[in-house]
Every structure is written in C-alpha cells, then in structure tokens.
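Worksheet: one structure, shown below.
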Amino acid sequence: MALGASEAIVGRLLLFYRLMVRPLFAEPVRTALTVLAIALGVAVVLAIDLAGFAAAASFRSSMETLAGDNDYEIVATGGVPESVVGKLAQLPYSLRISARMEDYGAIDGNRTFPLLGLDLVAEAQNHADAASAFPLANPEDALKYLGDDESIWVGQSLGYHVGDRVSLLINDRMREYIVRGVFPDDGGNAAAIVMDLAAAQRSLGRTGHVDRILVKVPEKDDGGSSHVASAAEWEQRIRGVKSEGESVTGGQAGAISAGILPESVELRTAGTGTDENRKMLAAFRWNLKLLSYIALVVGAFLIYNTISVSVVRRRAEIGIVRALGASRATVLTAFIGEAASLGLVGSLIGLPLGRVMASGAVKLMSATVEALYVSSRPGAIALGADSIAQALIVGVGVAVASAYSPAREASLVAPIEAMARGRREYIARVHEMRDLVIAIALAICALAASRAPAVAGKPLFGYLATLFVIAASALAMPAVVDLTTRLLTRALGATLGVEASLASQSLSASLRRTSVLVGALSTAIAMMTAVGIMVGSFRETVQLWMNDQVPADLYVRAAGVPAADRHPSLTLELADKIARLPGVAAIDRLRDYEISYESMPAGLASVDLDTRRMYHKGDFLSGRATGEVLNELRGASAVIVSEPFANKHHVGRGDSITLSLGGGKAAFRVVDIYYDYSSERGTVVMDRATALKYLPDPAPSSLAVYISPDASLSDVRHEIENAASAGDHRILTFSNRDLRTQALVIFDRTFAITYALEAVAVLVAVIGVAGALLAVVIDRRRELGLLRFLGAASWQIRKLILVEAGLLGLLATLAGVIQGFALSLILVFVINKQSFGWTIRFHWPVAILLGALTVVYIATVLAGLYPASVAIRLKPIEVVHEE
C-alpha cells in the first residue's frame, strides 16, 4: 500500500513537471514577465506595510521613550498648574511623581528635536529606583546646575560632548547653551534635549505651569498590606477622592479631602496620547494599504490570463492525460500548483524588492504624517517573520485565487472535447450577454453600497463599492471588446490597411483572452484616473479655499521646521512692535493649542474677531455671511468648528461641546461649521478675548499682517525683519504668494506616494500586456507562419502585432477612463468624506490625465515590440510543417 501511494505521488509530480513546469521553462520571457508582475505587486504591499509602521509608530517617540514605566499621566490644555505637583507629593502613598515641560527646540535653527524640562531634584531622588527611566548617567552632578538657564543635556546620537556650546532655537529666540551631560539613546529615535524644569519654563515662557505630570504607583499598598489597589482605586486616590471602604488618618484625610486635580485637568493612563495619535492615523494607513493592493489586483488579472492561456494551449495534453486515467482533481491540482509556483517565486523576489522600496516610501509617508498629523521621525524598518509570512501569503494567495477559475475549467475538460481549440472562445461569446447583465447588477450594488454610512469610522461599504465597480467592469469587458472590435474592423482596414483589419479580427476571435487583458490594463488605468481626479479635485479645492482663508499680505511665525502639532509662540513684545510699524494696517494674532476631545487629538485656535471681520471671507457650510457668524462669537461662550471636527465627532450647528480649559470645564455653543483643509484632526475656533478668560497666555503662535494700501509690501516685510533682529527674535515671514506656493508644495509632497503606487500598478499592467502579446504570438505561430508563407513581409507582421497592442491600449484606455470616473466619484464623495471629513469639489485635471494616459498608451504600444520581433523570427516552413 505504501509503495502504491509513493508511486502515485511520483506520478503526479512527473505529470506536474511535464504538463506545467516544462512549458514554463520553454517560454522564459513570458514566465519572467508574469513573475515580475507578481513580484512588483508583493513588493508594493510589503513596502507600504513596512513604511507605514515605521512612519506611524515613532511619533513623539523621544518623549514617550523617556517617559519610562509610569502608570498615569496628568495633562491639561494650556498646562497643569504647578500647585498640583505639590498636592500630589502630599498624598499618603509611595508615588513616583515626575513633572515635565515638553516642546521642541531646533539646533542651529534647522534640526528639530524634542525639548524636555525635568525636575532634576526629584529625578535624582528617583534614580535609586531601578525602574526609573531618568536618562542621565550621574543625575546628582546635575544638581549643581539647577539655577543655570544655559545648561542642557543631550542624547548621544546628536554628536555633542560635555562642554560643547549649542545654538538652540526655542519659540522665536535663539540662545547659546552649554552641554553639561550626554545620555544614551537608541540611535536617534529617542534623541532629545533635556533642561532643568524651571529653566525650561523660563525658556518657553510658560512659568507657573507644567505640560505633563507622570505618576508611577506602587505595586502594593504601603504598610506591608497585601492589598493590590485596582486602576479605578488609584485614579480616585490621585484625584483626591476617598475610595469606598478606605480608612485614613486625620492628616491623610486632610490631604485627600483638599482635592488634587482641577476639573479641567485630565488623568489618563500613560501613553494615551500616543494611542490617540495612532488611532487618528489609522484611516491614513488603512487607505494607503488598500491603495497598495491595486498592483496585486492587476497582477491577479494577469495570473488569470496566464493560466487561461495555459489551459487553452494545453487542451490536447489535458485530454490525453484525462484519457490515460488522470482525475479531474489531479488536473485541477496541477494548474493550481502552477499558479502557486509563480506566486511563490514572485513573492520571494518581491521580499527584497519591497524592503528596498520601503526605504523610499517611509520618507514620503513620514513627511505626510508630520505635515498633516503629528510630529514624527521615522523608526527603523523591520522586515520580521510576520512581514515575510504576510508577503508570501498575499503573493501565493492572490495567484491561487485568480487561477482557480481557469484551473477548474481545465479539470472539467472531457477527453473527447480536448482537441476542440475554439470551444472556450465559443463559450465566452455565448455567455457574453449573461455576463453583461451580471455586470449591470453589480453596478447597481455599487451604487447602493456607496450610499451606506461608515462602519467604526472606516468607509467599508465605500471599499465594497469599488470592488463591485471593478468586478462589473471585468464582466462587461467581453461585450465591450466584441462590440468595439466589430465596429473598428472596417474603419481600421480602410485607414491603416489590411494588417490593422486582421489585428482587430484577431482580437475579436480571441475574445476570452483579449477581454481579460483589457480588463487588467483598464483596471490600472481606472485607478490611475480615479486617484488623479481625486487628487486634482482636492488640489483645486485647496487652492479655492486658500483664496478665502489666506487673505493677509504677510504671515509671521517663529523660525524652525513646522509640523501639524507644533505651535511655537512669538513674544507679545514682538507682536505689539509689529502692530505699531508704519504701513501695517492691522494684525490678526492667531494662537493654537493641542487638545483632546472624546479621546481623539484636535486643535484649539483663537483669532482676533475685529481683524477677521474686516478682511476675512469665511466659507461656512450654512452659507451665512462672515460678519453674521463672527458677531455670534464675540465675547460669548460660542465657537465655530472645522468640517473634519464636525464629521468626526458628529457635531452640528447649534450643538453644545464641552472643553477642558484653564481651571475648569466650559460648555460652548457651535455657531457654525467652516470648510477647512489644513488639518484632518479637526479644529475648534473661538474669539481671542474668550480664550484669554480661560487660557491667560497672550503670546500668539503666528501673525497675519495686513498692509495699508499706500505701503510697499517689500518695505513692510523688511521693517518686520529688522524689528525681529533688533530684539534677537528668529522669525520667518511669508507673503501671501509664498504661503500658497509652500502649501501646494506640501500638498504635492503629501500625495507623492500615491502617484508612486499608481505608477507601479500601471507598470505591472504594461508588463502584462507584453507577456500576453508574447503568448499570443506563440499561440498563433501557425497562423503567423502561414501569413509569412503566403507572402507577408516582416514589416506587415510587425505592424499586425503593434496594431493589436495599440487596439488593446485604446480599449483599455476608454474602459479605464469610464471605470475611473465611477471610482473617482466613490473616492471623492464616499471614501474621502467618511475617512477624513473633507468636502471636495469635483474637478477634471484634464492636462495631467491626458499626459498620463498618453504615456501609458505609448508604453502599451512599445510593449508589443518584443513580441513582434519574436513573430518576425518565426520560420514559415517549420511552423507550417508542425500542422
């Protein structure tokens, strides 16, 4: 029995080699093209996954790495009052308390790193605890520099030594500091600059408050008790609320009953801010990851086409092995094995290629994360076992799934029908109208899915609608190809000659193969068109929005590298000086804060209503005039919110939101919702006078400067820069045109990775065209040899193949543009709206689309050159003799 089983296995392996493997080696170029298509698809998916993890996992990494193993963090908009630190220290528990200032400083004005202010006395005392994460090797030595505002400690990866002098830009001031110590970091991700807490408060201009308090609780209660307090009990204790059943002494009771945390202060588990940011980035990474699968979808079409060609060309061999006793399962397994082999080889090639591509992708993704979301420095790209397994599963899985249908057809071939070479084409024509009806039904399903709401913040039905559109297009393709080629045959013959007429008839005769190939290329073109329309529409929308939102002549901010969550302030003295300059008609003092709303990061901004009313043209969802909306904001507990904020938190006009500001919580009425494309997180805007009631810090984050009609822009800009230099301030000034240009540069850089993904998908499709045309030449060698035998010249054969390539490109372009238009509607009005909350005005970027489609079409025609050269080299006598 065992011997019989072994012989059966050997027989199947021999069958697999002769029926599957040997033909692949006999056509190395076509096999290589198919494998390359899979490799590119796997490489893109792997690169985006690796780069996304590296770019999104390391934001605020320095601050979080140096936070240690603390259990809780205490934060508040505008800072936590210093008095809270003293009250926490009086609690009758063995708490480790670490007060911190957190911001950013730029070395020499260009290299930006996290700036941490630490209580060096407390950290020196905590250093005896092995669990402490205080970075300094000898914290006791730091105590001698407590009163020195010029002392800093730096991570070793910054390359400085003790005693070095460093020019550090903090807010709008450049100061000289002395390196007093160097602490180890992990090679860059935890690189930071450390100062004494009081010195950091003075340098940042935020005395009386700390940015964050970290708390480490003991594992067991004090006094030797075996009781282990729960998280809820510790939260009550830290807040100053007596836990149920807890007994305390008189002195302890006084400390507890006094109340520790103001109402506006938030107590949360350590690392919550990082978790919130990761949650915020989920949609960004999710959409990019799905976009990366476009190349694999195109590759799936090509695998389907490859196996279909294999089935058609080997029908005689299939019939023979079936007549000799091979079961249907054996034939099915053989063709599935062929697809799996192609998928495995492609995946193995795609692994190193994806790792290389990830290095470039992480730079693009990190720039996007920092520009739109949160400060970030990319982490290490780790190609671990999970990533390798995922790539192999994806590559082999897609190949096997796409090959199942033609493999099943091969297993159903009866020996008596094996020599009927045209049967599959006949069946394809018979099912043409049936498939068209199914395509129409799928299109209706896509329309229904596009109207469904988001699921857990993700546009799952929007993605389903795109799949329905792609499937509908694929099923409708045989009817489209058949009708188009029939209509074009006579016209092509009259204009381009008999070769073009034969090319059109040839494509129609091989309808099954042609429709699959056109479907693959049209899918790539459709996604390119859809994303091109979406990005073009978004860009046009942003330009129109900036016409209203960027009305000032000049904009002033502190020097340094900008990021979405960095808001360095300008000194009030400088702002007042600029306001008094001749030629300055008015300034708008803008102040930004980072807040957390419903466990999600958001922005809080305050503006000068008088200036804004005079110069600003608002764009509100209600359509109301700017003056009417701003009047409701003046001196009232009222705000306006951005469209992303409203969509993310389901807030409407007239609703009330509660914000934690200053010493307590306050309710604000939402007066209106405004269009905004500067931040996906969402922003709450209030009157500057109202904000100062809760957050009494008048220093602005930036200035919008309006120039008198009779003043010169260049002269006023020069005066502003002179005023800043005289006070030793470091600022950047932008004209209206400069700011718009910079915004569009950032926009284009943000979508660079999107364009790269589209280019790879199109490249995969063009490779597929070359491979399929080569298969056509090999499969039609008898027909081509007969044409040569009957007197066809080499140039006529070349023309025949190139016209076929051109027709394939034309059909794919027409189908792709129509399909892409439908997909763009889903991207713009469903996926984008539900993922990011932005309303985008639809726009056709005609010039960009025409250029891209022209390049793709030319590449498709050029892809026919090699198959044409192969066709020319066929020897007519030998080919006809085969018959």
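Side notes on the structure shown:
- Take the conditions (1) at pLDDT below 90; (2) open to solvent by less than 20 Å² (accessible area, probe 1.4 Å); VAL670 misses just one of them, which is (1).
- Residues being touching a Ser or Thr at 6+ places or on another chain (Cβ under 8 Å), under 16 Å from SER701 (Cβ atoms) and part of a loop (DSSP other than H, G, I, E, B) - total across region 534-575: 10
- Among the residues of region 782-815, those identified as in a helix (DSSP H, G or I) and surrounded by fewer than 19 Cβ atoms within 10 Å (Cβ to Cβ) are ARG782, GLU783, LEU786, PHE789, SER794, TRP795, GLN796, ARG798, LEU810, LEU814.
- When restricted to residues that are modelled with pLDDT of 80 or more, touching a Lys or Arg at 6+ places or on another chain (Cβ under 6 Å) and not hydrophobic (A, V, I, L, M, F, W, C), region 506-564 contains 1.
- Every pair of residues 6+ apart whose Cβ atoms lie under 8 Å, when the first sits in region 708-727 and is under 13 Å from ASP172 (Cβ atoms) while the second is in a helix (DSSP H, G or I): ILE720/ILE578; ALA723/LEU574; ALA723/LYS577; ALA723/ILE578; ALA724/LEU574; GLY727/GLU573; GLY727/LEU574; GLY727/LYS577
- Residue that is at pLDDT 90 or above and surrounded by fewer than 19 Cβ atoms within 10 Å (Cβ to Cβ), where the choices are ARG589, ARG580, ARG613: ARG580
- Looking across SER622, SER637, SER642, SER599, one residue alone is surrounded by 18 or more Cβ atoms within 10 Å (Cβ to Cβ) and either without any contact (Cβ under 8 Å) to a residue 40 or more places away in the chain or of a type in the set (S, T, N, Q) (or both). It is SER642.
- Scope region 453-484; condition among the small types (Gly, Ala, Ser) and open to solvent by less than 60 Å² (accessible area, probe 1.4 Å); matching residues: ALA454, GLY457, GLY462, ALA465, ALA471, ALA472, SER473, ALA474, ALA476, ALA479
- Counting the residues of region 687-707 that are under 19 Å from THR571 (Cβ atoms) and without any contact (Cβ under 8 Å) to a residue 60 or more places away in the chain gives 1.
- Verdict on SER596 being of a type in the set (S, T, N, Q) and either assigned to a loop (DSSP other than H, G, I, E, B) or modelled with pLDDT under 90 (or both): yes
- Residue in region 389-411 that is modelled with pLDDT under 70 and open to solvent by 30 Å² or more (accessible area, probe 1.4 Å) present: no
- The set of residues from region 847-874 being part of a loop (DSSP other than H, G, I, E, B) and surrounded by 15 or more Cβ atoms within 10 Å (Cβ to Cβ) comprises ALA863, GLY864, LEU874.
The values are calculated or read from the model by the stated rules, or taken from the named source; none is laboratory data. Because the structure is predicted, anything quoted here is derived from the model rather than measured. Reconstructed Cβ throughout: ideal geometry from the backbone, glycine too, with neighbour counts over all protein chains shown. Each accessible area value is taken on the protein alone, full model and side chains, heavy atoms only, with ligands, DNA and RNA left out. Shrake-Rupley method; radii C 1.70, N 1.55, O 1.52, S 1.80 Å.
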